[in-house]
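The values are calculated or read from the model by the stated rules, or taken from the named source; none is laboratory data. Here the structure is a predicted model, which is why all the values come from computation and not from measurement. For neighbour counting, all protein chains shown are included, and Cβ atoms are generated from backbone atoms with ideal geometry for every residue, glycine included. Keep in mind that these areas ignore ligands, DNA and RNA; they rest on the heavy atoms of the full protein, side chains included. Shrake-Rupley method; radii C 1.70, N 1.55, O 1.52, S 1.80 Å.
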Amino acid sequence: MNVPELVVGPLLRYVDETSASIWVETSGPCEVTVEAGGTRSRALTFSVHGHHYAVVDVTAEGAYEVRLDGEGVWPLPDQPPSRIRFLGPGGPRKVMFGSCRTSVPHDAPHTISHGVDVLRAYGCSLRDRPEEEWPDMLLLLGDQVYADEPSVEMLEFIRGRRDSEPKTEIADFEEYAELYRVAWTDPEIRWILSTVPSAMIFDDHDLRDDFNTSASWREKMSKVSWWPRRVVSGLGAYWVYQHLGNMSPAERSTDELLGKLCAAAGDGGEILDAFAEHAYDVPADSRWSYSRDLGGTRLIMLDSRCARQLTPGDRRMIDPVEWEWLVEQLDRGGAERFVIGTSVPFLLPAGIHHIQNWNEALAQGAWGGRVARWSEALRQAVDLEHWAAFRRSFEDLSRLLVRVGKPVILLSGDVHYSYVAKAEGLPIYQLVCSPIRNPLSRTLRLANIVAQFGLATLVGGWLSRLARIPRPPFRWRIVNGPWFSNAVANLSLDETPPSVRWDTATVATTGVSEVATVRLTG
């Protein structure tokens, strides 16, 4: 009889004041036991596409162990123990966030090309710090994996099992499972993910570059023979590896898909695929966004990829069903402030914001059909697909945030540089931390500075006025940054006013070093 092994995890996912959820992938069907604080909690695995998963809900704090069918598999030898810490009644003191992390080796050539993995370096530094200094939550804001830019290791895995298209991209669930295994099983990454509770939302590279940019993009991809299997596998893998752990125990207990998978007599791969296919075809029927009340802070993690409505002439970053849900989260009482995670920035540098407004108007035919086709090609070529490229949604959310009248902190990634933007005269802040490990080259850094902070500033407003686009509901400006290094950021909510610190890591330093600290005043 084969003894099951721990393949991925444990990941410490949902945590509140009284419970914590531990996610694992195992090599075979088994009973998973988590022991913490003298209490044992158990769950049986469910199976999809030959892989096996479980989420165990734990009601005790402290160091914990994981057993599969009674055999201890965690912690690993020579590794410090993982710990469960519940949130206090006031919510998290410190929230770490970041996005865009490639999973390449940590050898010299890849460190030269991709820089130091700051999440890994931060995990190493935490081992030497007292628990009071640890972040209470980790928000991963997109591009947790790069399905369209696999590492050499992943390409070897792909070549070892098929010789069909797409030869240099992920094709099915098996390859997604390997992609997540590579991303999350480095010992230092494994330890920090087992110890710091994480909440996640996806961006395009979790599925494919430019995912859901426009109706034209979807039409183009519908003609690609391998795309249907790829998108179904990607959304299914996202549900298993990322979204499942975002749910609270109460939410999981009533989740229809999880119920079907757990009740399945055998492998639930077809059940998961049917769900993922429908989620892609009818986005309004599935919700990837979620909300948590954390003391006086309401965390809203907003899906700004799958929830898009791409109807020409009525483009929206989030469809009407998702919009009603968001309005409800911002209108219902009980929150003193809002932290909104959206993978793509809401407040861009003003110049590039106006250029995206202008591009959207032209792509929808403001200057005729020939210019519309050119503008659509430009949109996909240079990623003009942020909130500014969905002007109706940008203006609707701007007015909503003004009406709410409470402090709002938007957290984002995607753009491969970090900065702080502040609305003029309003308690609305945009904090961007990107990348964790996928830096722009020096040439592209300079090009971004010139294009987004120089040229765009000069011509963006002029182009916007030329296309007769009305002014945004409020003005804002970049008050700190940009910083282009690999980084993670920590938002300190227990300070008045809150502050945010960006840290980076280099081969010349041990652990992490400060890039900048900014207080959210005014």
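Structure summary
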read-out	value
Those helices (runs of 4 or more DSSP H) lying entirely in segment 156-263 with at least 2 residues open to solvent by less than 10 Å² (accessible area, probe 1.4 Å) and aromatic (F, W, Y)	173-184, 227-238
Scan of segment 276-331 for residues that are under 21 Å from L141 (Cα atoms), of a type in the set (K, R) and part of a loop (DSSP other than H, G, I, E, B), ordered by number	R287, R305, R308
Qualifying positions in segment 114-128 - over 19 Å from G413 (Cβ atoms) and modelled with pLDDT of 90 or more	C124, S125, L126
Within segment 360-415, tally of residues that are under 23 Å from C100 (Cβ atoms), assigned to a helix (DSSP H, G or I) and not hydrophobic (A, V, I, L, M, F, W, C)	3
Selection within segment 42-92 - among the acidic types (D, E) and either out of contact with any Phe, Trp or Tyr (no Cβ under 8 Å at 6 or more places or on another chain) or under 12 Å from V24 (Cα atoms) (or both)	D57, D69, E71, D78
Residue, farthest from D267 (Cα to Cα), within segment 11-55, restricted to residues that are among the β-branched types (V, I, T) and surrounded by fewer than 18 Cβ atoms within 10 Å (Cβ to Cβ)	T18
Restricting segment 62-82 to residues that are without any contact (Cβ under 8 Å) to a residue 40 or more places away in the chain and among the acidic types (D, E), the residue that is least open to solvent (accessible area, probe 1.4 Å)	E65
Positions within segment 103-139 being touching a residue at least 24 places away in the same chain (Cβ under 8 Å), under 28 Å from R208 (Cβ atoms), open to solvent by 10 Å² or more (accessible area, probe 1.4 Å) and not small (G, A, S), in sequence order	V104, P105, H106, T111, H114, V116, R120
Strands (runs of 3 or more DSSP E) lying entirely in segment 457-522 (those with 3 or more residues that are surrounded by fewer than 21 Cβ atoms within 10 Å (Cβ to Cβ), touching a strand residue (DSSP E or B) at 6+ places or on another chain (Cβ under 8 Å) and hydrophobic (A, V, I, L, M, F, W, C))	476-483, 513-519
Exclusive hit being closer than 27 Å to R315 by Cβ, charged (D, E, K, R) and out of contact with any Ser or Thr (no Cβ under 7 Å at 6 or more places or on another chain), set D163, D206	D206
Residue within segment 73-83 that is farther than 16 Å from L11 by Cα and modelled with pLDDT under 95 present	yes
Which numbered condition G334 misses (of (1) out of contact with any Lys or Arg (no Cβ under 9 Å at 6 or more places or on another chain); (2) assigned to a loop (DSSP other than H, G, I, E, B); (3) open to solvent by 10 Å² or more (accessible area, probe 1.4 Å); (4) under 27 Å from P427 (Cα atoms))	(1)
